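Just below is one structure, and these are the notes that go with it.
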Amino acid sequence: MVSLSLSDKGFYLLSLLMSCIVVMRYKILSKNTYIKLAFRYVLKKCDFNYKICIVDIDSFYSFGELLDVIEYMDIEQNVFLMKGISVHSKVLAPITAFDRDDGLSEILCCIKNGRSMTWTDIEDYIARVQELSMMTEKEKKIAIAVAQHSNISAVATFLNANNKTVYSRVGVIARKLNLQHVTEVRQFIGIEIA
């Protein structure tokens, strides 16, 4: 074993750190092993001049879980959100870079052209969604009631409103959240808000 002086150790650690930085230009946040392996293979073949982070939205149960991970991430990374099939993927659809079903050439083109987000932008968007800032106070009340009651009739009774009115308001709420059905609204509000 070679004995190193203090300055040699510092240089050795610095060079080791620099080699890690060069090698670790990308991160893949996914619980899906196949997605991780595929992106590792593809990103190793491509040479990018910037740090990349691929986020599989379906790997996170809630926005709170995603926000916890964001706290420890490198601010300088270009973040690419990958849309899946979950309710959270649908809500984040406006800021996703590509879909899980997109072809390899489309994904690489997206990454090379830099249709990315920053962690700060993602945090801000999630905060607005969690606050339901795109909704009126009445819509927020209806959304929370939908999560708390098992059917629209019970929601209408709770709010002293007509079933048809509640259905139309839930449709508006769903569109504002990029969702389609009452069950998706109920699931999303139940996980994130209620």
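Below are the figures for this structure:
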quantity	calculated
Those strands (runs of 3 or more DSSP E) lying entirely in segment 1-101 with at least 3 residues modelled with pLDDT of 90 or more	52-56, 78-83
Failed item in (1) within 23 Å of Phe188 (Cβ to Cβ); (2) assigned by TED's automatic domain parsing to the domain that holds Tyr61, with Ser150 passing the rest	(2)
In segment 151-190, the residues that are farther than 19 Å from Val87 by Cα, among the aliphatic types (A, V, I, L, M) and outside any helix (DSSP H, G or I)	Ala161
Conditions (1) within 22 Å of Leu179 (Cα to Cα); (2) surrounded by 12 or more Cβ atoms within 10 Å (Cβ to Cβ); (3) among the charged types (D, E, K, R); number of the one not met by Arg115	(1)
Residue pairs meeting the criteria (Cβ under 9 Å; at least 6 apart or on separate chains; first farther than 22 Å from Phe39 by Cβ, in segment 52-69; second of a type in the set (Phe, Trp, Tyr))	none
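Yes/no per residue for (1) free of Cβ contacts under 8 Å to residues at least 60 places away in the same chain; (2) more than 30 Å from Asp47 (Cα to Cα):
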| position | (1), (2) |
| --- | --- |
| Phe98 | yes, no |
| Thr118 | yes, no |
| Glu123 | yes, no |
| Val129 | no, yes |
| Val185 | yes, yes |
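The values are calculated or read from the model by the stated rules, or taken from the named source; none is laboratory data. This structure is a prediction, so every number in the text was calculated from the model and none was measured. Backbone-built Cβ (ideal geometry, glycine too); neighbour counts: all protein chains shown.
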